[in-house]
Amino acid sequence: MAENQQHPNIKQRFGKAIRRRRRELDLSQEELAERAEMHRTYISDIERGIVNPSLEVIEKLTDALNTTVSELFVQYGIDHQEVRDHDSAE
């Protein structure tokens, strides 16, 4: 279990990236949900790494966050090391 906390899985890393970008834009989960035409609880589940969003959902989210899929992965911490480094700085 400690291993999982040190190395979050892809769903957790993706969720953290979504949360970081959302906060950067100063959006609430509800505002993001409205922009992406999703339910707020689904946004919460994504950000917590509970669900495995489809490619269509990922595209809707990146559109709603005014970014691209590739920028999200590169700029917002999908990489293992970036997540650890950013989390330790918070």
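The values are calculated or read from the model by the stated rules, or taken from the named source; none is laboratory data. Keep in mind it's a predicted model, so treat the numbers as computed, not measured. All Cβ positions, glycine included, derive from the backbone under ideal geometry; neighbour counts span all protein chains shown. Side chains included, ligands, DNA and RNA excluded: accessible areas come from the protein's heavy atoms. Shrake-Rupley method; radii C 1.70, N 1.55, O 1.52, S 1.80 Å.
How many Å² of accessible area per residue for region 19-58, probe 1.4 Å? That works out to 64 Å² for each residue. Between Glu37 and Glu56, the modelled label-to-label distance comes to 1.0 nm, taking each label 7 Å out from Cα in the direction of the beta carbon.
Between Val69 and Asn9, the contour length at 0.36 nm per residue exceeds the Cα-Cα span by 19.8 nm. Between Ile43, Ile10, Val57, whose Cα lies farthest towards the positive end of the dipole of region 1-76 when Lys and Arg beta carbons carry +1 and Asp and Glu beta carbons carry -1, centred on the Cα centre? Going by the Cα projections, it comes out as Ile10. Karplus-derived 3J(HN,Hα) values for region 57-68, using 6.51 cos²θ - 1.76 cosθ + 1.60 with θ = phi - 60°, are 5, 4, 5, 4, 5, 5, 4, 5, 9, 6, 9, 10 Hz; glycine and proline are entered as x.
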